[in-house]
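Below you'll find the structure, written out as structure tokens, and then a few comments.
The values are calculated or read from the model by the stated rules, or taken from the named source; none is laboratory data. Values in this document were obtained by computation on a predicted structure and should not be read as measured data. Cβ: placed from backbone, ideal geometry, glycine included. Neighbour counts: every protein chain shown.
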Amino acid sequence: MAKITNPYKKAAQAIAEAASRDNHNCLVGKIVKYDKAKHIADIQPLPEDLSGDKMGIINDVEVPFSIYWIDEIWDHMADYLTPICPRDGAGTMKITPPPKRLVPGTEVTMVVHDYCLDGYEVGKGYFGREEDPREHDLNDAIVVAINSEGS
């Protein structure tokens with residue numbers, strides 16, 4: 001029995017595979033720059049594309065409170081602890097804060113949301129989708145985890 005091939009099915013499969021390669025839902029990357037005041041980072045994705053080229057830097061990736069709070073707590077605690085716990089001297093206690101986590105070189109995991117997040121506000125619940133047809137766009141990426149400490 002002869003094998004029947006459907007050229008339309010092959011074409012549809014090729015199109016689906018190509019679209020899937022460019023649909024990034026979750027990426028690992030390194031922080032290139034972090035804006036502590038705005039809580040956004042420029043991140044260089046670590047995966048290379050199929051030709052071996054680096055992906056472009058993703059600018060203004062949101063860093064939520066659940067990720068940046070430790071750095072900020074230690075910044076404030078250092079001011080209060082310095083007079084109480086001098087760094088040198090006999091009988092003094094030395095407190096060593098953890099290294100900064102949100103610095104260039106830190107590896108992070110980020111996710112890309114399914115839809116445009118321009119209308120979303122934390123804690124407000126449901127939100128309407130804007131007229132923006134953006135889906136799976138790198139403009140809607142957010143850092144969800146820190147994988148390694150920066151250098």
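Is it true that some residue in segment 66-88 is surrounded by 12 or more Cβ atoms within 10 Å (Cβ to Cβ), at pLDDT 75 or above, in contact with a Gly (Cβ under 9 Å, 6 or more places away or on another chain) and among the β-branched types (Val, Ile, Thr)?
no
Taking the conditions exactly as written (at pLDDT below 90 and either in contact with a Gly (Cβ under 8 Å, 6 or more places away or on another chain) or small (Gly, Ala, Ser) (or both)), does Gly29 satisfy them or not? Please lay out each step first, then the result.
Working: at pLDDT below 90: no; either in contact with a Gly (Cβ under 8 Å, 6 or more places away or on another chain) or small (Gly, Ala, Ser) (or both): yes.
No: the conditions fail for Gly29.
Suppose the filter is surrounded by 10 or more Cβ atoms within 10 Å (Cβ to Cβ), at pLDDT 80 or above and on the phi > 0 side of the Ramachandran plot; does Asp42 pass it?
On the way: surrounded by 10 or more Cβ atoms within 10 Å (Cβ to Cβ): yes; at pLDDT 80 or above: yes; on the phi > 0 side of the Ramachandran plot: no.
Against the criterion (surrounded by 10 or more Cβ atoms within 10 Å (Cβ to Cβ), at pLDDT 80 or above and on the phi > 0 side of the Ramachandran plot), Asp42 does not qualify.
When you check Asp53 against the structure, is it charged (D, E, K, R), in contact with a Leu (Cβ under 6 Å, 6 or more places away or on another chain) and at pLDDT 75 or above, yes or no? If you could, list the steps in order and put the result at the bottom.
Working: charged (D, E, K, R): yes; in contact with a Leu (Cβ under 6 Å, 6 or more places away or on another chain): no; at pLDDT 75 or above: yes.
So Asp53 does not fit the description; no.
Could you check segment 98-119 and list, in sequence order, the residues that are farther than 20 Å from Asn25 by Cα and out of contact with any Gly (no Cβ under 8 Å at 6 or more places or on another chain)?
Pro98, the sole residue that qualifies.
Filter segment 27-72 down to residues that are out of contact with any helix residue (DSSP H, G or I) (no Cβ under 6 Å at 6 or more places or on another chain) and part of a strand (DSSP E or B), then give me how many there are. Walk me through how you get there before you give the answer.
Within segment 27-72, the first condition is being out of contact with any helix residue (DSSP H, G or I) (no Cβ under 6 Å at 6 or more places or on another chain), and the residues that meet it are 27-38, 40-57, 59-72.
Then keep just the ones that are part of a strand (DSSP E or B); that gives 27-35, 40-45, 48, 54, 59-62.
Selection size over segment 27-72: 21.
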